[in-house]
Amino acid sequence: MSSDLKSKFLEVYETLKSELIHDPAFEFDDDSRQWVERMLDYNVPGGKLNRGLSVVDSYKLLKGEEELTEDEVFLACALGWCIEWLQAYFLVLDDIMDESHTRRGQPCWFRLPKVGMIAVNDGVVLRNHIPRILKKHFRSKSYYVDLLDLFNEVEFQTASGQMIDLITTLVGEKDLSKYSLSIHRRIVQYKTAYYSFYIPVACALLMFGENLDDHVQVKDVLVEMGTYFQVQDDYLDCFGAPEVIGKIGTDIEDFKCSWLVVKALELVNEEQKKLLNENYGRKDPGSVEKVKELYHTLNLQGVFEDYENKTHEKLVKSIETHPSNAVQAVLKSFLGKIYKRQK
């Protein structure tokens with residue numbers, strides 16, 4: 001990822017932000033304009049920007065050797081930012097639902113003294129910025145309707161995935177017997193894979209003039225990759241270094257349907273199962289420590305490495321059957337970014 005592309009990308013953010021806080025559809029005053037600007041700066045550009053930058057990367061690979069025009073770079077960046085906006089919308093609301101404390105190494109937005117539950121409306125505002133951006137820059141494009149469709153579809157899938165996640169972890173009904181690899185997979189596929197992996201490539205394909213219906217295989221590979229990415233995330237939540245991953249993992253306390261607990265359930269004996277049932281999903285540090293010790297005893301690190309290698313091999317094979325070399329390049333660049341990541 002070249003630094004000039006990243007600075008170009010951030011420049012586009014400033015342009016889009018300025019358009020949004022001067023949107024003629026609403027009469028802003030200084031207070032509301034400042035609020036939206038501060039809210040955007042706090043929540044939208046702070047992450048790794050992988051999803052957004054992937055649109056530009058993917059489009060470059062599809063286009064081939066020739067240089068992108070200024071206009072193409074701008075549009076690819078704008079679509080990338082739409083995904084970052086979607087991500088920000090989910091995270092602002094997610095953090096409220098999970099009662100989280102930190103996100104990207106700083107306090108969650110709703111935790112700021114003057115924000116509180118105004119954050120709910122801020123989430124709604126973030127969601128509504130996406131069609132504003134699309135309308136302003138893509139209205140005349142032949143693929144405009146497909147873009148709107150894509151964002152609506154993916155938002156629905158993500159919200160539905162979040163729903164299964166939330167109802168599976170209903171507090172007060174802590175029942176580990178509900179957790180299995182198949183429920184984990186469904187949650188991940190809908191909650192993470194579509195918006196993190198599929199949508200950036202789908203945006204690039206639409207810009208390139210492709211019909212998404214012709215690329216079901218691409219979607220399947222990317223959803224599989226998204227699943228692998230989330231398993232890594234679950235693993236890092238427990239075994240990653242907080243200073244590297246930017247947050248303190250809380251999956252155990254939160255009774256999350258994590259890949260680790262699902263795997264543990266497959267491997268435990270009766271006594272260990274009892275220990276897991278008694279300690280998983282409890283806030284006190286002693287219980288968390290017991291669960292982590294059990295994970296070590298069961299050698300979940302080894303189980304994970306094994307999973308990682310097998311999945312990587314399977315994905316590479318799958319990618320190499322794709323007829324288009326350009327599409328293969330896009331998928332391989334994605335896989336390269338996440339294989340064996342530490343954060």
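Would a scan of the range 101-124 turn up a residue that is polar (S, T, N, Q) and modelled with pLDDT under 95? Quick ask: steps written out before the conclusion?
Step one: list which residues in the range 101-124 are polar (S, T, N, Q), which gives 102, 106, 121.
Then keep just the ones that are modelled with pLDDT under 95; that gives 102, 106.
Within the range 101-124, one or more residues are polar (S, T, N, Q) and modelled with pLDDT under 95.
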> Mind checking which residues of the range 96-114 are surrounded by 19 or more Cβ atoms within 10 Å (Cβ to Cβ) and touching a residue at least 60 places away in the same chain (Cβ under 8 Å)?
Replying inline: Arg103, Trp109
>> Looking for something crowded, with 19+ Cβ neighbours inside 10 Å, in a loop (DSSP other than H, G, I, E, B) and not hydroxyl-bearing (Ser, Thr, Tyr) - is there at least one such residue anywhere in the range 272-288?
In response: yes
> Which pairs have Cβ atoms under 9 Å, sit 6 or more apart or on different chains, and link a residue in the range 267-292 that is more than 15 Å from Lys174 (Cα to Cα) and of a type in the set (Gly, Ala, Ser) to one that is open to solvent by less than 20 Å² (accessible area, probe 1.4 Å) and assigned to a helix (DSSP H, G or I)?
Replying inline: Gly286/Asn279
> Taking the range 203-227 as the region of interest, how many residues are at positive phi and surrounded by 18 or more Cβ atoms within 10 Å (Cβ to Cβ)?
Replying inline: 0
> Of all residues in the range 236-266, how many are open to solvent by 30 Å² or more (accessible area, probe 1.4 Å), under 24 Å from Gly46 (Cα atoms) and outside any loop (DSSP other than H, G, I, E, B)?
Replying inline: 5
> Which pairs do you get when a residue that is in the same structural domain as Ser333 (by the TED database) and under 14 Å from Ser196 (Cα atoms), found in the range 225-245, comes within reach of a residue that is assigned to a helix (DSSP H, G or I) and aromatic (Phe, Trp, Tyr), reach meaning Cβ atoms under 6 angstrom, with the pair 6+ apart or on two chains?
Replying inline: Met225/Phe197; Gly226/Phe197; Val231/Trp259
> Looking at (1) without any contact (Cβ under 8 Å) to a residue 60 or more places away in the chain; (2) surrounded by fewer than 22 Cβ atoms within 10 Å (Cβ to Cβ); (3) touching a Phe, Trp or Tyr at 6+ places or on another chain (Cβ under 6 Å), can you tell me which one Lys174 breaks?
Replying inline: (1)
> Which of the residues belonging to the range 114-168 are over 15 Å from Asp94 (Cα atoms) and not in a helix (DSSP H, G or I)?
Replying inline: Lys114, Val115, Arg139, Ser140, Lys141, Ser142, Tyr143
> Scanning the range 115-162 for residues that are under 20 Å from the mean Cα position of the chain (by Cα), of a type in the set (S, T, N, Q) and farther than 20 Å from Thr15 by Cβ, which turns out surrounded by the most Cβ atoms within 10 Å (Cβ to Cβ)?
Replying inline: Thr158
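The values are calculated or read from the model by the stated rules, or taken from the named source; none is laboratory data. Keep in mind the model is a prediction, meaning the values are calculated, not measured. Every residue, glycine among them, receives a Cβ derived from its backbone with ideal geometry; neighbour counts consider all protein chains shown. SASA here: full protein model, heavy atoms, side chains in, ligands and nucleic acids out. Shrake-Rupley method; radii C 1.70, N 1.55, O 1.52, S 1.80 Å.
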